[in-house]
Structures are given as structure tokens and as C-alpha cells.
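**Q** Input: one structure, supplied below.
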Number of protein chains: 2
Amino acid sequence: MKFEQTHPKAVVLVSGGLDSLTCLAIAQKEGYDVFPISFDYGQKHRAELIAAENIARHYQVPHKIIDLKDLGRMGGSALTDQNIHAKDYDASKAIPNTYVPARNIVFLSIALGYAEIIQAEAIYLGINCIDYSHYPDCRPEFVQAFSQVIQTGTKAGVEGQSIQLKTPLLYLSKEEIISVGLNLQVDYSMSVSCYRANDQGEACGTCDSCTFRKQGFSSLHIPDPTRYIPS
Amino acid sequence: MKFEQTHPKAVVLVSGGLDSLTCLAIAQKEGYDVFPISFDYGQKHRAELIAAENIARHYQVPHKIIDLKDLGRMGGSALTDQNIHAKDYDASKAIPNTYVPARNIVFLSIALGYAEIIQAEAIYLGINCIDYSHYPDCRPEFVQAFSQVIQTGTKAGVEGQSIQLKTPLLYLSKEEIISVGLNLQVDYSMSVSCYRANDQGEACGTCDSCTFRKQGFSSLHIPDPTRYIPS
């Protein structure tokens, strides 16, 4: 007689970038069967969705891409509006124009619906409040507030089946995130972080996201596998 | 010289049902320029979306319908899954199979993104915890938790431009809701509440939603303008 071992399930938000790829590897390491979910919100940097698909294929896990193009059509962000351009990194503490109104809230809500349906016990979100663009929905206050929404606003929460919102990268520097990932054999060449990546997944090297990623690899003195747009 | 009077904006979640129609009328009465938003989440009772369109046309306000069919495709609810049937009302306090996992959370999140983009000051949600189907996302605890998400998770919240989540029907009975609406000249024949409405917008008369609506009109001793499916 054979025993089939069952693992708890976790929904992992996978953008295709470095952080969410690391998060997926952590979730798997922590014993979950992972269910990555990505969102087509009309982002101009389509390469990240292709990266997300490649990541799911690499880990041989079922991938869900949710059509949210109507979110992008509302505009209001350099990531979705053809007339607004993502700026170079400038070390400002202001929220940059790459902020997409309520993006993580929308993504988490849908991930939460998915988690309830497949009876997942956790949702992994690779947000970080150290090397980041000062987005409000990447901060601990937000994580706490959304956890309360899970508790009060879902059948799972009310009936005492907890769905935990896990943010293992929240307080890590980019260097530490990469270091954790490398220990889990993450291949970062699969991921695309750049806000202005071209369709081949090549990165600009100067936007917020590229800057943090570049600094991370540089601080660790390890080769940066990012493919940059030839200058 | 003419002065153009400007009103603050409010996003109103409009399902096409009695409650959200009343909510729209209240928002307008409270001095807002209203921006109704509806969601095509693959609901089987498509008549409610047509009702929502008719309501927006009646009030001559711009209507946004967001494509969220991928939410419905996940299944998990009698409102979206062809293989699960919405039951008749049975006065149970259990959460019925018409619960759509995380539905109001998803809807509110997208309404919140829209509110940030158009710089609305309020979001109106016609939820009610008196004559209702015991959905967790229709209770005051949830409203409080989501308000905290607005505060902590958005640029508007962090920068001190408050977007208020308003739920004027929360503690009203169905009878009281109808009474408020009638004082605002609401024409309830435009709305469709039934979970099993046919494509002509005719109602079953026996699901949870029909039962509460019917009782509301009956308690007020006024004619019920609902069109029922001929038996």
C-alpha cells in the first residue's frame, strides 16, 4: 500500500520579477504546493508576463493568468498609460508615477478568491519595504489591514479556516532577497524586473526596479544575470 | 460671468439590484457626482448587468462595466458555476452557495482604483447586514477592515486625501431601504435582484434575494414592481 503525501496549498502572486520568483521558491521550500497567479493588467512591459509563464513552467506548477486589462484601461500610471513615461530612479521618497492605483489590493483580492476556491492555506506576496519605490501597498501597515479583510470578509475567515497572507521578503534588502533565492537554487535569469523592459525581456538598467536589482547583485559581488538593452 | 458649480465625485457599485440602486440615489442626494461601476464576473443572471446599464442611463451618468469574467471562471459559487444551483430561501444562518469567494473585496478594490484615478472622495457600497444572505463581506467588521486598507494601501490614503467607504444601507431592513428609495423617487421596476433572473429580467420569487425584496414591498403595503417569471 502506498501513501500519497499531501501538502497544503499556497497561492503565490508571480509578476515575473525577482521578488515574486524568490517568494515562489520560499513557498515551495516551506512545504506548500504552489499555485502561481499573474495578472494581465495591460502593463506595457509585457515581458514580465512571459517571464511569469516561464517561471511556472520551470517549477512545473499550474499557472493562472487573470485578464484585468480593464484595470489598465483606467490609466493613471506610467506602467499602463502610453502617455506617461516611467522615470529613471532618483532616490526620492515620493510615490513615483509607476504607482498603479490599488494594484496590489486588486491582485490580492483575486488571489484570495482563488485561495478560497482551491482551499489554499496561504497567499504569498513578494512585497518589500526596504529597497522599493515607496508604494503604499508594499508596507507592513497594509499587510496587517489586508489580513483583517481576509479574516472578516471571507467565508474561510469567518468559518475559522485561516488563509494566511505571507510576505517573507517584507523586511529584507534586495541583497538579502537574492541571497535567500540563491540558497534555494533560484535562476534569476528567468525573471524580468524592469518597468521598461522590451518585448525580449531586456532591461533598461536605470528605472527604480532595475536600480534596486542591480545594486543587489553588485553588493553580493556575484554576476548579474539580467539582460540589459544594448546601449 | 458664470460660475460652474463643481461637486465632489463618488464611485457607486451598482449591481443592478434594489440596494445598489437605492445607494446611487442616496449618493446623488448627498451632493455627489456619481460614477457607477459594475462587474461582469460571469454571473449567470445576466439581467442584472442590463438593469445596471438601464439605471445609469436613467440617471444620465457615465457607467463603467469591468470585465472580470476570469473571476467567474474560477467557479466556486452558484452564481457563476453552471453545475451549482442557487437554492430557495430557507432562513438558515449558514453562508449559502451563492457566496462568491472574495467578490465584494475584488469589486471594492477595483472601485478603489477607479476612485483614486478620477479623484473621487467616496465609494458607495449598498451592502446590508439585516435582510441578507449572511455573506461575510456584507458586515460592519468587513467595512471597517476595508476602510483600513484604503487608508494604508493607497496613495490617496497615505497622502491624506480621504476616500470614504460609505455603506448607508448597512443597518436598514429591506422595508426601510425601499422606503428611503421611494422618498428619493427611485423607480424600482428598473432593478433586478433575483439570483436566478431570466434574460428578460423576470424574477423567480423564491431565492434569498427575491424573498427579502418581496417581504420589503409587502411590509410597506405598496405594489411590488418586480416582474416575476409566470408560473
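The values are calculated or read from the model by the stated rules, or taken from the named source; none is laboratory data. The structure displayed is predicted, hence computed values, not measured ones. Virtual Cβ from ideal backbone geometry, glycine too; neighbours counted across all protein chains shown.
**Q** Those residues that are within 7 Å of chain A (Cβ to nearest Cβ) and under 30 Å from A:His134 (Cα atoms), I need them from region B:135-146; list them, please.
**A** Listed by number, the residues that qualify are B:Asp137, B:Glu141, B:Phe142, B:Ala145, B:Phe146.
**Q** Related question: When you scan region B:125-138, do you find a residue that is more than 21 Å from the chain's Cα centre (by Cα) and over 15 Å from A:Gln151 (Cα atoms), even just one? Give the derivation first.
**A** Step one: filter region B:125-138 for residues more than 21 Å from the chain's Cα centre (by Cα), giving none.
No, there is no match, as no residue in region B:125-138 is more than 21 Å from the chain's Cα centre (by Cα) and over 15 Å from A:Gln151 (Cα atoms).
**Q** Within 23 Å of B:Gly31 (Cβ to Cβ) and either touching a Lys or Arg at 6+ places or on another chain (Cβ under 8 Å) or not aliphatic (A, V, I, L, M) (or both) - does that describe any residue in region B:220-229?
**A** Taking every residue of region B:220-229 in turn, none turns out to be within 23 Å of B:Gly31 (Cβ to Cβ) and either touching a Lys or Arg at 6+ places or on another chain (Cβ under 8 Å) or not aliphatic (A, V, I, L, M) (or both).
**Q** Output the residues belonging to region B:1-43 that are at pLDDT 95 or above, small (Gly, Ala, Ser) and over 24 Å from B:Lys174 (Cβ atoms).
**A** Passing the criteria: only B:Gly31.
**Q** Here is a further query. Name the single residue that is surrounded by the fewest Cβ atoms within 10 Å (Cβ to Cβ) among those in region A:84-108 being among the polar types (S, T, N, Q) and more than 17 Å from A:Pro140 (Cα to Cα). Write out each step before concluding.
**A** Going residue by residue through region A:84-108, those that are among the polar types (S, T, N, Q) are A:92, A:97-98, A:104.
Filter once more, so that each one left must be more than 17 Å from A:Pro140 (Cα to Cα): A:92, A:97-98.
Values: A:Ser92: 11, A:Asn97: 15, A:Thr98: 20.
Filtering first and then ranking leaves A:Ser92.
**Q** Quick one: would you say A:Lys174 is on the phi < 0 side of the Ramachandran plot, in contact (Cβ under 8 Å) with a residue 24 or more places away in the chain, charged (D, E, K, R) and within 14 Å of another protein chain (Cβ to nearest Cβ)?
**A** It is false that A:Lys174 is on the phi < 0 side of the Ramachandran plot, in contact (Cβ under 8 Å) with a residue 24 or more places away in the chain, charged (D, E, K, R) and within 14 Å of another protein chain (Cβ to nearest Cβ).
**Q** Just to be sure I understand, how many residues within region B:1-40 are in a loop (DSSP other than H, G, I, E, B), in contact with a strand residue (DSSP E or B) (Cβ under 9 Å, 6 or more places away or on another chain) and of a type in the set (Phe, Trp, Tyr)?
**A** Number satisfying all stated conditions: 1.
**Q** Mind checking whether some residue in region A:130-139 is in a helix (DSSP H, G or I), touching a residue at least 12 places away in the same chain (Cβ under 8 Å) and over 24 Å from A:Tyr32 (Cα atoms)?
**A** The initial filter retains those residues of region A:130-139 that are in a helix (DSSP H, G or I), namely A:136-138.
Next cut, touching a residue at least 12 places away in the same chain (Cβ under 8 Å) only: A:136-138.
Going one step further and asking which of them are over 24 Å from A:Tyr32 (Cα atoms), we end up with A:136-137.
Yes.
**Q** Still on this structure, please answer the following. Please find, among A:Tyr171, A:Tyr188, the residue that is under 20 Å from the mean Cα position of the chain (by Cα), among the aromatic types (Phe, Trp, Tyr) and under 30 Å from B:Ile105 (Cβ atoms).
**A** A:Tyr171
**Q** Condition first: at pLDDT below 90 and within 14 Å of another protein chain (Cβ to nearest Cβ). Now tell me which residues in region B:102-132 satisfy that.
**A** To start, the set of residues in region B:102-132 that are at pLDDT below 90 comprises B:130-132.
Correct list: B:Tyr132 only.
**Q** Since A:Gln200 meets every condition but one in (1) crowded, with 17+ Cβ neighbours inside 10 Å; (2) within 26 Å of A:Leu49 (Cβ to Cβ), which condition does it not meet?
**A** Just one mismatch for A:Gln200, condition (1).
**Q** Next question, about the same structure. Say we look at region A:64-80 and pick out the residues that are part of a loop (DSSP other than H, G, I, E, B) and within 10 Å of another protein chain (Cβ to nearest Cβ); which of these is nearest to A:Val149 (Cα to Cα)? Show your work before the answer.
**A** Taking region A:64-80 as the starting set, the residues that turn out to be part of a loop (DSSP other than H, G, I, E, B) are A:68, A:74-80.
Among the residues that remain, those that are also within 10 Å of another protein chain (Cβ to nearest Cβ) are: A:68, A:74-77.
Working: A:Leu68: 21, A:Met74: 25, A:Gly75: 26, A:Gly76: 25, A:Ser77: 26 Å.
Among residues in region A:64-80 that are part of a loop (DSSP other than H, G, I, E, B) and within 10 Å of another protein chain (Cβ to nearest Cβ), the one nearest to A:Val149 (Cα to Cα) is A:Leu68.
**Q** Run down A:Val149, A:Val158, A:Val186 and say which single residue is of a type in the set (Val, Ile, Thr), more than 14 Å from chain B (Cβ to nearest Cβ) and touching a helix residue (DSSP H, G or I) at 6+ places or on another chain (Cβ under 7 Å).
**A** After ruling out the rest, the residue left standing is A:Val186.
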